[in-house]
Structures are given as structure tokens and as C-alpha cells.
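Below is one structure, written out as C-alpha cells; the observations come after it.
What follows draws every value from the coordinates through simple rules; no lab data is involved. As the structure is a prediction and not an experimental result, all values here were calculated from the model. Every residue, glycine among them, receives a Cβ derived from its backbone with ideal geometry; neighbour counts consider all protein chains shown.
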Amino acid sequence: MKRFEGKVALITGAASGIGRATAERLASEGASLFLVDLAKEGLEESVKRCVAAGAQVESAPCDVSREEQVNDAVARCVDRFARLDVLVNVAGILLLAHTHETTLAQWQKILDVNLTGTFLFCRAALPHLLASRGNIVNTSSTSAINGMPYGAAYGASKGAVLALTRALAVEYGGKGVRVNAICPGSIKTPMGSGGNLPKDVNWELLKRAMPLDKPRGPEVVASVVAMLASKDGEHINGESIRMDGGTLA
């Protein structure tokens, strides 16, 4: 099924995890892709995989928290493909630490990447999405709707992404642009490996984030992104879809 034949998608955080899985899924469904990330080797590998799937692909290094780099990435995408139909904001960083030990610089960095980066790409892409009557899929998290121990900054940033998503959905829905969000949980990605947990964690608190069956790979998230971004999701706007194996059921 080629739901994205003739469509152009820009994906942030495309070097690994959910970003790479989404790029591969949209490539397999006919999309042309513009991929961005700061991890050069991972980004090159994602490009190779998508080209192997038959997609036209361009890429660029990009710090999503830097306004000029974001604007340049969107401009390069449109210069290359002459349009933009789908924006998928996946780029994000995670800090796990006791809140009373979190520095202001750490807090600000999380918000700069996860929230401001999402805003900057939405803002830069919207004029082109209005022209194509396209759509945006933002990446939030189950931490936005359920308390995440040791992740106050991350959860706050992802909660704000949900608020941004709903605001844009209402503001631009009448003009033909849909904006939705995904809320993954218990997904096996490099960022979610848990390797940077504080040494003295309360494991009883962490059990609240366990799925009912088992963690899944990023491809399960990519399939939902593809649905939301395609015509199959044309009547879904301002929604956040939780994918956590029943953790918060």
C-alpha cells in the first residue's frame, strides 16, 4: 500500500529509534523524505535504509533547538522536493535524575530540545503545510499523562508538547492542517534503555511504567504515525494516541 505516493515528509530525530522506524515505514509507503538529526552516522544509516526501500531521500544535520538550523532544514526540504506534506517531530532527549539534583541548565536543555525544537519545526513548516493541506505528528510520551519518577523535566516538556499540539490543531484545523501527537511508553529505543537512572532508584515507582505484556520495538509506533499522517487519519485532529502496552489502562 502506497499511502504516501507523491508526498514529502520531514522527520526529525531520524538517526535511530522511533525516528528511523518512521522514516523506513513512510519510505516503504512511497514517501520522499527529508531526514534530520545530529547523529551523523546514524543519520547516514537511516538514509541508506530508506533509499534501499526505493525512496528519494535527502538529509541534513540539525540541532532542533537552534532557530536558524531549523529554518534552513525546512527551506532545504522544500527547495529539493518543491513541497512538504508531513512533519514528524521525533527528536528528543531524556534526563533521569532526582529533581532536587537537576540543574537549571539541564532543565533548560530538555525544554529547548523537546518543546522548543518541536515548536520551531512546526512554525517553519506550517506555511508549506497550509499550501499542501498537510499535517503534523508530534512525539509526546506517557510521561505527559502519568507521573514519571526521576523525569520531571522530560515529563514537563512532553506535557507541553501535548498542549502545543492541541493549540495548533484548533488554530489550523479549519485551514486544512491536522496536528496530532503520539504518546509512546515501554518502547525499546536507545533513549529509553534506562541506562542513565540514578543509582538509588525506587524500583516500586518504576514498576508503574511497566507494560501488561512486554516492551515493543519502535516499528509499532511508526505504524501509528503512518496512519495519522495518511488519508486514513483525515478525521483525526488534536488527538494524542497512547501506545504503552496497556500500562495506563
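Which ³J(HN,Hα) values in Hz, rounded to whole numbers, follow from the phi angles of region 114-120 under the Karplus curve 6.51 cos²θ - 1.76 cosθ + 1.60, where θ = phi - 60° and Gly and Pro get x?
6, 9, 5, x, 5, 4, 4
Would you compute, from DSSP H runs of 4+ residues alone, the mean residue ellipticity of the chain at 222 nm, taking -39500 (n - 2.57) per run and dividing by the full residue count, rounded to the nearest 500?
-12500 deg cm²/dmol
What is the fewest-to-most order of Met243, Met148 by other Cβ atoms lying within 10 Å of their Cβ?
On the way: Met243 19, Met148 23.
Neighbour counts put them in this order, fewest first: Met243, Met148.
In whole Hz and in residue order, list the ³J(HN,Hα) couplings for region 127-133 that follow from phi through the Karplus curve 6.51 cos²θ - 1.76 cosθ + 1.60, θ = phi - 60°; x for Gly and Pro.
Taking θ as phi minus 60°, the curve returns x, 6, 5, 5, 5, 9, 6 Hz for region 127-133.
I'd like the orientation of helix 152-172 relative to the chain: the angle between its Cα long axis and the longest Cα principal axis, in ° from 0 to 90, rounded to 10.
Helix 152-172 sits at roughly 30 degrees to that axis.
Using a Gaussian network for the chain with springs between C-alpha atoms less than 10 Å apart, which of these wobbles most: Thr22, Thr102, Thr142?
Highest fluctuation among the options: Thr102.
Between Leu38 and Leu205, what is the label-to-label distance in nm when each label sits 7 Å out along the Cα-to-Cβ direction?
Roughly 2.6 nm, to one decimal.
Toward the positive end of the charge dipole of the chain, about the Cα centre and with charges on Cβ (Lys, Arg +1; Asp, Glu -1), which of Ser46, Ala23, Val113 goes farthest?
The residue sitting farthest along the positive end of the dipole is Ala23.
Run the simple label-point estimate for Asp213 and Ser132 please: 7 Å along Cα→C-beta, distance reported in nm.
3.4
Considering only Asp200, Asp79, Asp213, give the residue with the highest GNM mean-square fluctuation for the chain, with springs between Cα atoms whenever their separation is below 10 Å.
Looking only at Asp200, Asp79, Asp213, the largest GNM fluctuation is found for Asp200.
If you average the C-alpha positions of region 1-66 and of region 202-249 separately, how far apart do those two centres end up, in angstrom?
Result: 21 Å between the Cα centres.
Which residue fluctuates the most in the chain, going by a Gaussian network model with Cα springs under 10 Å, if the choices are His98, His235, His128?
Fluctuation is largest for His235.
Per residue of region 102-110, in order, report the coupling 6.51 cos²θ - 1.76 cosθ + 1.60 (Karplus, θ = phi - 60°) as ³J(HN,Hα) in whole Hz, putting x for Gly and Pro.
Once rounded to whole Hz, the list reads 7, 7, 4, 5, 5, 4, 5, 5, 4.
For each pair in Lys109/Lys231; Lys40/Lys199; Lys158/Lys214, compute the distance between the two Cα atoms and list the pairs where it is over 29 Å.
Lys109/Lys231; Lys40/Lys199
Would you mind checking which residues have amide H under 5 Å from Leu197's amide H? H placed 1.01 Å from N; only 5 or more apart, or other chain.
For Leu197, whose amide H was placed from the backbone, there are no distant partners under 5 Å.
Let me spell out the model: positive unit charges on the Cβ of Lys and Arg, negative unit charges on the Cβ of Asp and Glu, origin at the Cα centre of region 8-242. What dipole size does that give, in debye rounded to 20? Numbers along the way, then the final one.
On the way: 24 positive and 23 negative charges, 80 e Å.
Its charge dipole is roughly 380 debye.
Please report Ile136, Ile93 as a ranked list, fewest other C-beta atoms within 10 angstrom at the top and most at the bottom. Provide the component values of the computation, followed by the final result.
Working: Ile136 27, Ile93 18.
Sorted ascending by nearby Cβ count, the order is Ile93, Ile136.
Multiply the residue separation of Glu67 and Ala167 by 0.36 nm, subtract the distance between their alpha-carbon atoms, and state the gained length in nm to one decimal.
Values: separation 100, 0.36 × 100 = 36.00 nm, distance 2.07 nm.
Roughly 33.9 nm would be gained on extension.
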